[in-house]
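The values are calculated or read from the model by the stated rules, or taken from the named source; none is laboratory data. What you are looking at is a predicted structure, and each value in this text was computed from that prediction instead of being measured. Reconstructed Cβ throughout: ideal geometry from the backbone, glycine too, with neighbour counts over all protein chains shown. Protein only, heavy atoms only, side chains kept; ligands, DNA and RNA dropped before computing areas. Shrake-Rupley method; radii C 1.70, N 1.55, O 1.52, S 1.80 Å.
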Amino acid sequence: MQPTTYKAKAFSAASETSPLASTTIARREPNERDVQIEILFCGICHSDLHSVRNEWSEFMATNYPIVPGHEIAGRVTRVGSAVTKYKPGDLVAVGCMVDSDRTCPNCQRDLEQFCPNMTLTFNSADKYLGGRTYGGYSDSIVVDEHFVLRLPSNLDISGAAPLLCAGITTYSPMRHWHIGKGMRVGVVGLGGLGHMAVKFGRAFGAHVAVFTTSPNKKEDALRLGADEVVVSRNADELKKHAGSFDFIIDTVSADHDINAYLNLLAIDGNLTLVGAPAEPLDVPAFSLIMGRRRLAGSAIGGIAETQEMLDFCGKHNITADVEVIPIQKVNEAYERLLKSDVKYRFAIDMASLKSE
Ligand code: NAP
Ligand code: ZN
């Protein structure tokens, strides 16, 4: 039987060189376990830009048209008959995933992000409607309740939206590697992910240093909670910190020299990559073997950990610093993102889609 659908407004790109533009998409009518959400805000992640421009073609080719967006915050409008966790009116959120097989060993360990059958919020096969999944640059979305998160009611909704990707992607590895008091943590790149890493590092009690290519972000970095700021274009400045960090989280979206940061790690120090530049990075063996250093990676976080992170943010009043924009400014925002010109996350006010 054909699933029943309804029409939703959205912004999509038709090809890797096309701008995002207004369109209409089909969403499924909620099934038994589905939650329909009116999207109020959606953050703009650099992954949206990588995907829209098909920069990850080797690992995750983009299918067009693409509707990006995986930092979704909104309000429940309808629920299926078997939904137990949510009711209309609840403030909720959706991140990078909308489904997984729930049975594989990774799902059983609450690591849905590593499920071989995981469905991404956009640009994954849509098992209900065929075609591809469509993300949060839209006025509504329908998601299985397991992949819907509860937003703490004390948080500003626009600032909470980016927690669903920038937040969990930095929280998860910092928890995994037990960041806490007495540790020296470096954050490379002060963008959407980086500024969240600073806030979490501070909240976990670590000493936080920011490495930025943008001298004009120095004061903000301190205000966000950093203990020190190093302008990373200056190689001599970097060298002063050689061998002194326990943990470095690298959030850079473009090609850069990670060797310079590996050399800042103490013995047994760990550099975790969360930034995902399209090009391979050069890693000299000696940067790792001298000092028994580790180079690691991390991808978002599981659903249970995402709820834990949101609850932590509610308790500590942590949100992203956002610049709220109407969706009509989304293409301009992408150009600014490429110039590291955002403080520190764009959040689209989805009310602006009503006039399309
Ligand atoms: P963003 O807001 O654009 O921040 C990236 C920051 O990197 C910039 O603000 C800039 O910081 C720095 N940077 C940019 N170009 C640089 C260059 N050429 N050399 C050195 N530094 C540079 O992006 P984002 O949304 O935080 O995302 C960052 C990366 O993480 C992207 O690649 C994204 O796809 C990836 N990501 C991964 C996951 C995951 O699960 N692992 C999840 C989300 C995003 P300064 O101005 O301070 O230098
Ligand atoms: Zn993201």
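Name the residues in region 263-278 that are within 16 Å of ligand 2 (Cβ to nearest atom) and of a type outside the set (Val, Ile, Thr), would you? Selection gives Leu273, Gly275, Ala276, Pro277, Ala278. Could you list all residues from region 231-262 that are within 15 Å of Leu190 (Cβ to Cβ), assigned to a loop (DSSP other than H, G, I, E, B) and of a type in the set (A, V, I, L, M, F, W, C)? Of everything in region 231-262, those that are within 15 Å of Leu190 (Cβ to Cβ), assigned to a loop (DSSP other than H, G, I, E, B) and of a type in the set (A, V, I, L, M, F, W, C) turn out to be Val252, Ala254. Within region 10-29, residues that are of a type in the set (D, E, K, R) sit with their Cβ atoms under 8 Å from residues that are exposed (fewer than 14 other Cβ atoms within 10 Å of the Cβ), at 6+ positions apart or across chains, in these pairs: Arg27/Tyr6; Arg27/Lys7; Arg28/Pro3; Arg28/Thr4; Glu29/Pro3; Glu29/Thr4; Glu29/Tyr6.
Restricting attention to region 57-73, the residues that are within 11 Å of ligand 1 (Cβ to nearest atom), open to solvent by 10 Å² or more (accessible area, probe 1.4 Å) and at pLDDT 95 or above add up to 1.
Here Cys107 clears all of (1) buried (at least 20 other Cβ atoms within 10 Å of the Cβ); (2) within 17 Å of the chain's Cα centre (by Cα) except the condition numbered (2). Looking at (1) within 16 Å of ligand 1 (Cβ to nearest atom); (2) modelled with pLDDT of 95 or more; (3) under 22 Å from Met196 (Cα atoms), which one does Pro277 not meet, given that it meets all the others? All conditions pass for Pro277, except number (2).
Taken together, Leu271, Leu295, Leu288 contain a single residue that is within 21 Å of the chain's Cα centre (by Cα), at pLDDT 95 or above and open to solvent by 40 Å² or more (accessible area, probe 1.4 Å), which is Leu295.
Counting only strands (runs of 3 or more DSSP E) that fall entirely inside region 89-184 and contain at least 2 residues that are of a type outside the set (Lys, Arg), touching a residue at least 60 places away in the same chain (Cβ under 8 Å) and within 26 Å of Lys343 (Cα to Cα), the qualifying elements are 91-94.
The set of residues in region 298-324 that are touching a residue at least 40 places away in the same chain (Cβ under 8 Å) and not in a helix (DSSP H, G or I) comprises Ser298, Ala299, Ile300, Gly301, Gly302, Asn317, Ile318, Thr319, Ala320, Asp321, Val322, Val324.
Within region 229-250, identify whether any single residue is within 16 Å of ligand 2 (Cβ to nearest atom), surrounded by 15 or more Cβ atoms within 10 Å (Cβ to Cβ) and outside the structural domain of Gly43 (by TED's automatic domain parsing), and answer yes or no. Explain how you work it out, then say what you get.
Filtering region 229-250 down to residues within 16 Å of ligand 2 (Cβ to nearest atom) leaves 249-250.
Next, from what is left, pick out any that are surrounded by 15 or more Cβ atoms within 10 Å (Cβ to Cβ): 249-250.
Now restrict to residues that are outside the structural domain of Gly43 (by TED's automatic domain parsing): 249-250.
Looking through region 229-250, at least one residue is within 16 Å of ligand 2 (Cβ to nearest atom), surrounded by 15 or more Cβ atoms within 10 Å (Cβ to Cβ) and outside the structural domain of Gly43 (by TED's automatic domain parsing).
For residues that are under 18 Å from the mean Cα position of the chain (by Cα) and among the hydrophobic types (A, V, I, L, M, F, W, C), tally how many sit in region 339-356. Break it down into steps so the answer makes sense when it comes.
Kept after step one, since they are under 18 Å from the mean Cα position of the chain (by Cα), are these residues of region 339-356: 340-349.
Okay, now just the ones that are also among the hydrophobic types (A, V, I, L, M, F, W, C), so 342, 346-348.
Adding up the residues that qualify gives 4.
For region 332-356, the set of residues classified as within 26 Å of Ala197 (Cα to Cα) and in a loop (DSSP other than H, G, I, E, B) consists of Lys339, Ser340, Asp341, Val342, Lys343, Tyr344, listed by residue number. The one condition from (1) within 16 Å of ligand 2 (Cβ to nearest atom); (2) open to solvent by 40 Å² or more (accessible area, probe 1.4 Å) that Ser51 does not meet is (2).
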